[in-house]
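Structure record follows, encoded as structure tokens.
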Amino acid sequence: MHLADKKLLVIGGAGLIGSHTVDRLLDEDVSVIRVFDNFTRGSRENLETALADPRVEVFPLGGELLHRDLLREAMEGMDGVFHFAAMWLRHCQDFPRSAFEVNIAGTFNVVEACIATGVKRLVYSSSASVYGDAVAEPMTEDHPFDNTNFYGATKIAGEAMCRALHHRHRGTDQNFDYVGLRYMNVYGPRQDYRGEYVSVVMSMLDRIERGLPPVVFGDGSQSYDFVYVGDCAAANVCAMKAETTDRFYNVGTGEKTSILELAEMLLELTGSDLTLAYEPGGTTFVRNRVGCPRRAAEEIGFTAGVELREGMQRLIEWRRGHAGEVERRREDAGVPG
Ligand SMILES: NC(=O)c1ccc[n+]([C@@H]2O[C@H](COP(=O)([O-])OP(=O)(O)OC[C@H]3O[C@@H](n4cnc5c(N)ncnc54)[C@H](O)[C@@H]3O)[C@@H](O)[C@H]2O)c1
């Protein structure tokens, strides 16, 4: 879809990836960027710069995904929709019924409203969680769905609903096009302490700031594909511009980094001479995951551009300039100060 003069709705646009996507969209010649968010996790601070642009608005009547009439009202006249709103991994694990309502029924509400209001294109936020632990590396989009947690289950359900409803209406005047993005491990400015696997970065930086050795759980060999949040925003814009439909794409770098390597990098970037502390643990949902970035490059023209070292440097700088915000995020997540 050409973005010139287009009106776009960003559901969950006050959150981490959503707010960066809003920022990124400002570089395009779009006419309206409407944020629809209930602010359970997102914040106005995340949108501070964007809201200075007259094309950006927070939908004034409401922002709850489960309020179907308001959602539909927000979608009237929109050309494209980004759907980021979801409960996060641990929250889904602890509250599966709410996760069912928000992530699954909420996504159904989004697709239903897209079809009813004639929205041309949806970019759905899925997750690399659909894959579970890698049985083959790097994981292509054809990797089996070996997920075992409820969050991943909701993302699989979201993908399947998009696909089924696309096929149901294909070729009719209710045609609905979509693509789904499977982000790897997203990090960067505005991140909080709740992301599985990446919250460890914030905790390590907290300890380094206090002169305490950063803690590595287990042997630190757990390895992930860390992707910078600004790159995820770029992937969303690419996905909205693309013509492909009914396709899913990994959003990652294709590079694998262990927690141990990451911890050493953080010490170096902060100029710290501390040494690492090892503690038992390191039991997470997934221990090994790197995604193949090829399909996204070939079909939607997205390639991650920010290297881990550069991205971590930007995160460190953001923390330095936003100490109060970081403190609030720490408190919100119940992390001891
Ligand atoms: N951050 C990651 O590492 C990562 C990895 C894979 C997939 N994802 C997926 O990408 C999407 C965006 O992730 P994020 O890290 O930006 O999450 P986030 O929690 O920062 O943003 C989600 C936004 O949705 C809003 N929201 C939640 N429930 C809502 C509801 N019922 N109605 C309206 N708004 C609601 C929140 O307030 C928040 O602003 C999510 O769907 C997430 O599952 C994220």
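Here, each number is a calculation from the coordinates, and none is a lab measurement. If you're wondering where the values come from, they're calculated on a predicted model, not measured in any experiment. Cβ: placed from backbone, ideal geometry, glycine included. Neighbour counts: every protein chain shown.
Neighbours of Leu26 by Cβ distance under 9 Å: Lys/Arg scored +1, Asp/Glu scored -1, total -2. Extension gain for the segment Glu209 to Arg72, taken as residue separation times 0.36 nm less the Cα-Cα distance, is 44.7 nm to one decimal. Taking amide H as placed 1.01 Å from N in the peptide plane, Val81 has its amide H under 5 Å from the amide H of Leu9, Arg121, Leu122, Val123, each at least 5 places away in sequence or on another chain. Given their separation in residues at 0.36 nm each and the Cα-Cα distance between them, Ala52 and Glu137 gain 26.3 nm when the chain is fully extended. Among Gly77, Gly211, Gly195, the largest mean-square fluctuation in a Gaussian network model of the chain, built with springs joining Cα atoms closer than 10 Å, belongs to Gly211. For the pair the stretch 125-151 / the stretch 34-61, the C-alpha centres are spaced 31 Å from each other.
Charged neighbours of Gly80, selected by a Cβ distance under 9 Å, balance to +3 (K, R count +1; D, E count -1). Modelled spin labels at Arg170 and Ala4, positioned 7 Å past Cα toward Cβ, are 3.1 nm from each other. Here the sum of -39500 (n - 2.57) over DSSP H runs of 4 or more residues, divided by the residues of the chain, equals -11000 deg cm²/dmol at 222 nm, to the nearest 500. Does the stretch 47-189 come out rounded, prolate or oblate by the C-alpha gyration tensor, with a ≥ b ≥ c the root eigenvalues, rounded set by a/c under 1.5 and, if not, prolate when a/b is larger than b/c and oblate if not? Prolate, because a/c is 1.5 or more and a/b exceeds b/c.
Exposure proxy for Lys241, Lys6: other Cβ atoms within 10 Å of each Cβ, ordered fewest to most, give Lys241, Lys6. Taking the alpha-carbon centroid of each part, what is the distance from the stretch 94-118 to the stretch 238-275 in angstrom? Each part reduced to its Cα centre gives a spacing of 28 Å. Take the convex hull of the alpha carbons in the stretch 89-129; its mean projected area over all directions comes to 3.2 nm². Count Lys and Arg as plus one, Asp and Glu as minus one, and take only other residues whose Cβ is under 12 Å from that of Val216; the net charge is then -3.
Counting 0.36 nm for each residue step from Phe95 to Ser258 and taking away their Cα separation leaves a gain of 55.7 nm. In a reduced charge model with +1 at each Lys and Arg Cβ and -1 at each Asp and Glu Cβ, the stretch 121-238 shows a dipole moment near 420 debye about its Cα centre. Taking the fewest neighbouring Cβ atoms within 10 Å as the starting point, the ordered list for Glu209, Glu243 is Glu243, Glu209. Which shape class applies to the stretch 19-94: rounded if a/c is under 1.5, otherwise prolate when a/b exceeds b/c and oblate if not, where a ≥ b ≥ c are the square roots of the Cα gyration tensor eigenvalues? The shape class here is oblate.
Amide hydrogen proximity for Val216: with H placed 1.01 Å from N in the peptide plane, the residues at 5 or more positions away or on another chain lying under 5 Å are Ala277, Tyr278, Glu279.
Beyond 38 Å, how much of the Cα-Cα pair distribution for the chain remains, as a whole percent? Of all Cα-Cα pairs in the chain, 12 percent lie more than 38 Å apart. Going from the residue with the fewest nearby Cβ atoms within 10 Å to the one with the most, Met265, Met75 rank Met265, Met75. With a Förster radius of 30 Å applied to the C-beta separation of Tyr278 and Glu317, the computed FRET efficiency comes to 0.60.
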